[in-house]
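All remarks here apply to the structure that follows.
The values are calculated or read from the model by the stated rules, or taken from the named source; none is laboratory data. No experiment lies behind these values; they were computed from the predicted model shown. Cβ sites come from the backbone with ideal geometry, for glycine too, and all protein chains shown count toward neighbours.
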Amino acid sequence: MYQSTTYTLHSRVFLGLFLFISLIGSAQPPKYYPAGEIKLALKKMNILGSALYMAAHPDDENTAMLAWLAKDRLVRTSYLAITRGDGGQNLIGSEQSELIGLIRTQELLQARRVDGAEQYFTRGNDFGFSKSTEEALQIWDKEKVLADVVWVIRNLKPDVIITRFPPTAQAGHGHHSASAVLAEEAFVAAADPKRYPEQLKYVQPWQVKRLVWNAFTPNFTNDPPPGGNYVMAPLGNYNNLLGKSYTEIAGESRSMHKSQGFGSARSRGQRNDYLQHKLGEQAQSDIFDGVDLSWKRVKGSETVAALLQKAYQTFDAENPAASVPSLLEAYRAMEKLPQQEYYVQQKKKELTEIIVACTGLSYEGNTVSYAGTPGQSIRFYANVVKRSDVPVLWKSVQLLNTPKDSTIGKELKNNEALNLPISLTIPKEIQYTQPYWLANPPAKGMYTVNDQLLIGKPEATPQLTAAFHFQIQGVDFTLNRPISYKWVDPVQGELYRPFEVRPAVMINLDEKSMVFPATEAKTLGVLLKAGAGAIKGELRLEVPKGWKVSPEKLSFDLAKAEAEQKVSFVITPPANASEGTLKAVAKLADGQEISLGLRTIDYDHIPVQTLFPVAQAKVIRLDVRTAGKNIAYLMGAGDDVPAALRQMGYSVTMLTANELKADVTEWQRFDAIVLGVRAFNTEERLKYYQPKLMQYVENGGVVLVQYIVNRGVVTDEIGPYPFELSRDRVTVEEATVTFLKPQHPLLNTPNKITAKDFEGWIQERGLYFAQKWDSRYEVLLSCADPGEKPQDGGLLVANYGKGRFIYTGYAFFRQLPGGVPGAYRLFANLLAPVNGSVK
């Protein structure tokens, strides 16, 4: 019998929390280790090293490099993305800004579960494409982002930092080059105790051995780039224990970036990448030259190293449980080492996972519903099964952050599943489930996170976590698992969803922006949804000065959790142009006031994500006139423009497959047909129906095509006459717009467009402007980023037959949902029939 010891994954020091973040993230199916992975993990136990990969966005990382580092070199491998990709495009839905950033955060976490690396972030906000390092660092608040990078380095203690990009314009994006600049400055700052001394309450300065650049290899070959000091990384190597090469793993990992359309092949065959020396001690032949990757880094660890090596050599793939006694002996020896030592903490975590895997122990906590409210009682089930003959005592299960601690005292039998029901009261003071970086309003380039211990984390530790207390052959372990909801979908099978703590009532407004082109009142629908049962109260709308709402308040009565009640208010705008924010407030019977909505993001490849945004909408009394009434809309990659058009008073028909097949004469009932963003990239049928669109134009219709990415276009024939797309864009949303043909009808009818209409734009002017075009196109506008040549290809107009074709790279897909008044006025002009009445 071994002497009883205690180990908790929720370590007493913050460093432990930072290290163990991967164990207690959002709800995921339990991870099971095939024998090959256990063998690889045992081999890794005697490798003490760390590598940090750095770039700017999700999908910037070299997943083959991460897989090679994590699964071949067996060092602790992490990817630090400066941003969460909030400014990127979305090919799977209409989410933008912070919502696409949330999706891409989860895609990165899924990718890391494949390639074996860990994921970290700074507070930097992806504010959109940047053309210079200086702009990126200024908008990001360089000192704060640099502090975040230093914080991550001091926590992870990497021996090597690898940047994806160089710190020069060669990087192709201001964010890319800025990430390299930050890496190089942090390389020095992390070792300097005078830099960011407030962090030293939790961590110590750390000197990285070297910093290298994962150099680009255009027209890839296995030969090193010319010039420079390089070491080679054989990323195409094959791992027999996994049955895959690292490039195959990389393809699976990168394919998690589905919102960006980055599905990748599982490449086979050798691939050599080259790492160019930048800072620190130069490597001669290997990236870890001069780095001791053995237990010699920890004083007095000789016994531990020997025991772990023996466990690796004697591991029996057909009987992993046979290794448990020797692994426990190694664990007890590790307990005698300094517990504050970085690698002791890290390797204890890894060893615990291996012991659990060899024991065949599975444990999880599931609720009977996926949501609850503060103070509510819920049913919780602790599920445990052990698939081996290793003696295991299930001592108890505790719900962290609650007083709930249930004593079990049960010896587990081989393959006997236990399912223990427990009643749980959610603490009244608990916070709602919310991505921590979205809890406070962000600045333009930075998320607001004031808790130092949250910075760097991909997501916060779940508030409701089950702590399972086991004794394995006399050694005590505490293993944490976030409680989750598990169910069986008839198509997808067993699924998991993070448990959510919700408000007692949630308020969803039918519109994010309400546009009033005249003084006529509009009705706003409001959906109330109960988080708990027996919720009564009154709902009111707070509106800006000069606006009116009727009735002043409405009563609601929601008998059960999940119950819904739809109500409506009439909103009357002022006579003159005005804009502001409308807010919905629910006052409950106990006096509590709640003004939060509910937003759920649900895609098959990531866990369900839930937010509770403020229940508000932008209201705009807009001086706009429209011509025409009926608009057809063909969705591309996804956007919210159709809802904005309806706000302007248009009748919008979404074009379906049947509509596309219809005779072109049936389309003549539409005053205009609008193609959503990237439609010519994502809608394969357009290669067949483009001629019909041009026939519609020739017959007198208007076709407006929003921006198209210049690669992966389904057909070269987009308009009636040829034009060539570029990657050119204007990223400064305040950039001056010049009117090249100020008298053109589209700039004057039905609305007189002036420079004022380009005020208040968000994120950018436009992207993927045309660079060459047939002389029969007219160009109406020009703009440019500071110091650059004018970009004239953002708005091309061509008369064709009786109608008109328009291509625009201007970012209406951001401006219209964002409630930018001038964008509405200009878009109304673009939709005007060639010969139409004005309203």
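Among the polar types (S, T, N, Q) and part of a loop (DSSP other than H, G, I, E, B): which single residue out of Ser775, Ser782 fits that description? Full working, then the answer.
Numbers: Ser782 fails: part of a loop (DSSP other than H, G, I, E, B).
From the options Ser775, Ser782, the qualifying one is Ser775.
Could you tell me which of the residues Ala563, Ala586 is touching a strand residue (DSSP E or B) at 6+ places or on another chain (Cβ under 8 Å), small (Gly, Ala, Ser), within 29 Å of Leu622 (Cα to Cα) and buried (at least 16 other Cβ atoms within 10 Å of the Cβ)?
On the way: Ala563 fails: within 29 Å of Leu622 (Cα to Cα).
The conditions single out Ala586.
What number of residues within the stretch 429-461 satisfy the criterion of being over 19 Å from Gln199 (Cβ atoms) and of a type in the set (S, T, N, Q)?
Counting residues in the stretch 429-461 that are over 19 Å from Gln199 (Cβ atoms) and of a type in the set (S, T, N, Q) gives 5.
Starting from the stretch 409-431, keep only residues that are closer than 20 Å to Pro391 by Cβ, then list their pairs with residues that are outside any strand (DSSP E or B) and basic (Lys, Arg) whose Cβ atoms are within a distance under 9 Å, requiring at least 6 positions of separation or different chains.
Within 9 Å, the pairs are Asn414/Arg387; Asn415/Arg387.
Of all residues in the stretch 631-664, count the ones that are surrounded by fewer than 19 Cβ atoms within 10 Å (Cβ to Cβ), more than 22 Å from Val820 (Cα to Cα) and in contact (Cβ under 8 Å) with a residue 24 or more places away in the chain.
4
Each row is one residue, and each column tells you yes or no for (1) closer than 21 Å to Ser132 by Cα; (2) outside the structural domain of Gln690 (by TED's automatic domain parsing); (3) among the hydrophobic types (A, V, I, L, M, F, W, C).
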| site | (1), (2), (3) |
| --- | --- |
| Asp774 | no, no, no |
| Asp785 | yes, no, no |
| Leu795 | no, no, yes |
| Arg804 | no, no, no |
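Looking only at helices (runs of 4 or more DSSP H) that lie completely in the stretch 629-739, which have at least 3 residues being more than 26 Å from Lys772 (Cα to Cα) and within 36 Å of the chain's Cα centre (by Cα)?
Answer list for the stretch 629-739: 641-647, 657-661.
Could you list, in sequence order, the residues of the stretch 315-332 that are of a type outside the set (Val, Ile, Thr) and assigned to a helix (DSSP H, G or I)?
Residues satisfying the conditions are Pro320, Ala321, Ala322, Ser323, Pro325, Ser326, Leu327, Leu328, Glu329, Ala330, Tyr331, Arg332.
Looking only at the stretch 317-340, filter to residues that are more than 38 Å from the chain's Cα centre (by Cα) and among the hydroxyl-bearing types (Ser, Thr, Tyr); which one of those is farthest from Val475 (Cα to Cα)?
Ser323
Does the stretch 700-722 include one or more residues that are of a type in the set (Phe, Trp, Tyr), buried (at least 19 other Cβ atoms within 10 Å of the Cβ), touching a Leu at 6+ places or on another chain (Cβ under 9 Å) and within 30 Å of Gly445 (Cα to Cα)?
yes
Confirm whether Pro498 is at pLDDT 95 or above and in contact with a strand residue (DSSP E or B) (Cβ under 7 Å, 6 or more places away or on another chain).
It is false that Pro498 is at pLDDT 95 or above and in contact with a strand residue (DSSP E or B) (Cβ under 7 Å, 6 or more places away or on another chain).
Table: residues versus (1) in contact (Cβ under 8 Å) with a residue 24 or more places away in the chain; (2) more than 21 Å from Gly636 (Cα to Cα).
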position	(1), (2)
Pro742	no, yes
Ala755	no, yes
Gly766	yes, no
Asp774	yes, yes
Tyr800	yes, yes
Phe805	yes, no
Ala811	yes, no
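Among the residues of the stretch 476-494, which ones are of a type outside the set (Lys, Arg) and more than 17 Å from Ile408 (Cβ to Cβ)?
Pro482, Ser484, Tyr485, Trp487, Val488, Asp489, Pro490, Val491, Gln492, Gly493, Glu494, listed by residue number.
Within the stretch 772-795, can you find the residues that are at pLDDT 95 or above and under 32 Å from the mean Cα position of the chain (by Cα)?
Within the stretch 772-795, Cys783, Ala784, Gln791, Gly793, Gly794, Leu795 meet the criteria.
Exactly one of (1) among the β-branched types (Val, Ile, Thr); (2) surrounded by 23 or more Cβ atoms within 10 Å (Cβ to Cβ); (3) modelled with pLDDT under 95 is unmet by Ile92. Its number?
Condition (2) is where Ile92 drops out.
It is to be established whether one or more residues within the stretch 151-166 are out of contact with any Lys or Arg (no Cβ under 7 Å at 6 or more places or on another chain), in the same structural domain as Leu80 (by TED's automatic domain parsing), at positive phi and not charged (D, E, K, R).
no
For the stretch 357-407, name all the residues that are touching a helix residue (DSSP H, G or I) at 6+ places or on another chain (Cβ under 8 Å) and surrounded by 19 or more Cβ atoms within 10 Å (Cβ to Cβ).
Correct list: Ala357, Cys358, Thr359, Gly360, Lys386, Val390, Val392.
Closer than 19 Å to Arg729 by Cβ, acidic (Asp, Glu) and either assigned to a helix (DSSP H, G or I) or in contact with a strand residue (DSSP E or B) (Cβ under 7 Å, 6 or more places away or on another chain) (or both): does that describe Glu143?
Judged against the criteria, Glu143 is not a match.
Just checking, how many residues over the stretch 198-245 are of a type in the set (A, V, I, L, M) and either within 21 Å of Phe288 (Cα to Cα) or at pLDDT below 90 (or both)?
Within the stretch 198-245, residues that are of a type in the set (A, V, I, L, M) and either within 21 Å of Phe288 (Cα to Cα) or at pLDDT below 90 (or both) number 8.
Got at least one residue in the stretch 581-592 being hydroxyl-bearing (Ser, Thr, Tyr), over 19 Å from Lys529 (Cβ atoms) and modelled with pLDDT of 95 or more?
Yes, the conditions are met somewhere in the stretch 581-592.
Kindly indicate whether any position in the stretch 500-520 is within 30 Å of Gly649 (Cβ to Cβ), among the acidic types (Asp, Glu) and in contact (Cβ under 8 Å) with a residue 12 or more places away in the chain. Step through it out loud before you land on a result.
Narrowing the stretch 500-520 to residues within 30 Å of Gly649 (Cβ to Cβ): 506-520.
Imposing the further condition that a residue be among the acidic types (Asp, Glu) reduces the set to 510-511, 520.
Restricting the remaining residues to those that are in contact (Cβ under 8 Å) with a residue 12 or more places away in the chain gives 510-511.
Looking through the stretch 500-520, at least one residue is within 30 Å of Gly649 (Cβ to Cβ), among the acidic types (Asp, Glu) and in contact (Cβ under 8 Å) with a residue 12 or more places away in the chain.
For Gln110, which of the numbered conditions (1) buried (at least 24 other Cβ atoms within 10 Å of the Cβ); (2) in contact with a His (Cβ under 7 Å, 6 or more places away or on another chain); (3) assigned to a helix (DSSP H, G or I) fails to hold?
So the condition that Gln110 fails would be (1).
Just give me the residues in the stretch 43-65 being over 19 Å from the mean Cα position of the chain (by Cα) and either in a helix (DSSP H, G or I) or closer than 18 Å to Ser264 by Cα (or both), in sequence order.
Answer for the stretch 43-65, where residues must be over 19 Å from the mean Cα position of the chain (by Cα) and either in a helix (DSSP H, G or I) or closer than 18 Å to Ser264 by Cα (or both): Lys43, Lys44, Ala64, Met65.
Say we look at the stretch 746-770 and pick out the residues that are over 19 Å from Val797 (Cβ atoms) and acidic (Asp, Glu); which of these is modelled with the lowest pLDDT?
Glu764
Suppose we filter Phe127, Phe121 for residues that are among the aromatic types (Phe, Trp, Tyr), more than 25 Å from Glu341 (Cα to Cα) and under 18 Å from the mean Cα position of the chain (by Cα); which single one remains?
Criteria check complete, one pass: Phe127.
Which residues, taken from the stretch 432-467, are farther than 27 Å from Ser130 by Cα and touching a strand residue (DSSP E or B) at 6+ places or on another chain (Cβ under 7 Å)?
Correct list: Tyr432, Thr433, Gln434, Pro462, Gln463, Leu464, Thr465, Ala466, Ala467.
Please give the strands (runs of 3 or more DSSP E) falling wholly within the stretch 462-546 in which 1 or more residues are under 33 Å from the mean Cα position of the chain (by Cα) and farther than 23 Å from Tyr432 by Cα.
Values: elements: 465-472, 475-482, 484-489, 493-498, 505-509, 513-516, 522-530, 535-542.
Because the criterion is at least 1 residues that are under 33 Å from the mean Cα position of the chain (by Cα) and farther than 23 Å from Tyr432 by Cα, the strands (runs of 3 or more DSSP E) in the stretch 462-546 that meet it are 465-472, 475-482, 484-489, 493-498, 513-516, 522-530, 535-542.
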